[in-house]
Amino acid sequence: MSRTRLADRTVVITGAAQGQGAAEVEAAAREGATVVATDVLDEAGEKLAAALLAEGLDVRYRHLDVSSPDDWAGLADWLRGRGHGAHGLVNNAGIPMRARLGDVDLADWDRAFAVNTTGPMLGIQALAPLMGEGGSIVNVGSVAGLTAHHAVAYTASKWALRGLSKVASLELAPKGIRTNTVHPGFIETPLMATANPVFQQAHLSMTPLGRTGTCDEVAPLVVYLLSDEASYVNGAEITVDGGYAAHGGVKAITNALDAG
Ligand code: NAI
């Protein structure tokens, strides 16, 4: 049976060439969406779109640096020119920036905000005018945006993204556009593959489910939030983290009790 929860809808996904973005492209396309997959990794993005097109799915790739107002304006013009509105926007692109508070330099701090916070803001400014009743914006935050975390620029930029999401859920709701945030925990992607193994192990030891998550465990939630099944879900923040953020550090205590 074909799945049609996003039939006749155009969905733009950023950071779509790999990792969670690529899984979200495929999941949305399999639900009938016309997906505009965007990234700065053009070769990987083109390859993904070509593979899915070959399966009969409606996926196009476009170069888009989320920190570039010109790129967003170009995408909005292109969508208008094709007679497409936009139904969905998934602000998924993100960069880690792992320096700690004593070491972070201003250029890295600014870049983390440019991609992780300003990018989603520019995307909302560019595409919300193309959306109407039933529009849906999904911002991809992080458990780092719910707690203290060692990567200071990343953490602060993801906390700021939560503020942007809350404002959008207020400002855009009168147009029938919903804005929600997904907070992944440790998801196996190229981004996490580059993380310090000590961090990876420590993160796992604080994850109640005791394992990493996969991109295919995040994408269905994004599809749900894009769809009308979530028609009264607005301003929500949903973790996909195996319970990492829920215990507020108490797992260190249960770990110690279990060990001793
Ligand atoms: P990834 O590194 O595998 O993919 C991120 C994609 O964003 C890449 O394709 C990259 O080229 C693209 N990107 C980077 N800068 C860009 C820019 N300026 N413009 C457009 N695209 C750009 O990362 P992953 O893990 O798939 O991350 C997706 C989202 O999930 C990010 O927002 C990340 O912060 C968040 N996240 C990931 C976690 C994980 O464990 N993997 C944990 C918590 C949050």
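All of the numbers you see were taken from the coordinates with simple rules; none came from a lab. Since the model is a prediction, treat every value here as computed from it, not as a measurement. Virtual Cβ from ideal backbone geometry, glycine too; neighbours counted across all protein chains shown.
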- 1 or more residues in contact with a Phe, Trp or Tyr (Cβ under 7 Å, 6 or more places away or on another chain) and surrounded by 15 or more Cβ atoms within 10 Å (Cβ to Cβ): qualifying helices (runs of 4 or more DSSP H) within the range 186-244: 190-193, 197-205
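Please go through the range 245-260 and pick out each residue that is touching a Pro at 6+ places or on another chain (Cβ under 8 Å) and in a helix (DSSP H, G or I).
Here is the first cut: in the range 245-260, the residues touching a Pro at 6+ places or on another chain (Cβ under 8 Å) are 246-247, 251.
The one that is touching a Pro at 6+ places or on another chain (Cβ under 8 Å) and in a helix (DSSP H, G or I): K251.
Select from the range 141-159 the residues that are more than 11 Å from the ligand (Cβ to nearest atom) and surrounded by fewer than 24 Cβ atoms within 10 Å (Cβ to Cβ) and write down the one among them that is nearest to A202 (Cα to Cα). Don't jump to the end; show me each part of the working.
Let us first name the residues in the range 141-159 that are more than 11 Å from the ligand (Cβ to nearest atom), namely 147-148, 150, 152-153, 156, 159.
Applying the additional criterion that residues be surrounded by fewer than 24 Cβ atoms within 10 Å (Cβ to Cβ) yields 147-148, 150, 152, 156, 159.
Numbers: T147: 15, A148: 15, H150: 12, V152: 18, A156: 21, W159: 22 Å.
Looking at the filtered set, the residue picked out is H150.
Of the residues that make up the range 175-183, is at least one out of contact with any Cys (no Cβ under 9 Å at 6 or more places or on another chain) and assigned to a helix (DSSP H, G or I)? It would help to see each step written out before you state the result.
Within the range 175-183, the subset out of contact with any Cys (no Cβ under 9 Å at 6 or more places or on another chain) is 175-183.
Checking which are assigned to a helix (DSSP H, G or I) leaves us with 175.
So far as the range 175-183 goes, yes, one or more of its residues are out of contact with any Cys (no Cβ under 9 Å at 6 or more places or on another chain) and assigned to a helix (DSSP H, G or I).
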- Message: Please determine whether any residue of the range 170-179 is hydroxyl-bearing (S, T, Y), within 13 Å of the ligand (Cβ to nearest atom) and closer than 30 Å to L209 by Cα.
- Response: no
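Out of G81, G88, report the one residue that is more than 17 Å from A156 (Cβ to Cβ) and either aromatic (F, W, Y) or loosely packed, with under 13 Cβ neighbours inside 10 Å (or both).
Values: G88 fails: either aromatic (F, W, Y) or loosely packed, with under 13 Cβ neighbours inside 10 Å (or both).
The unique qualifying residue is G81.
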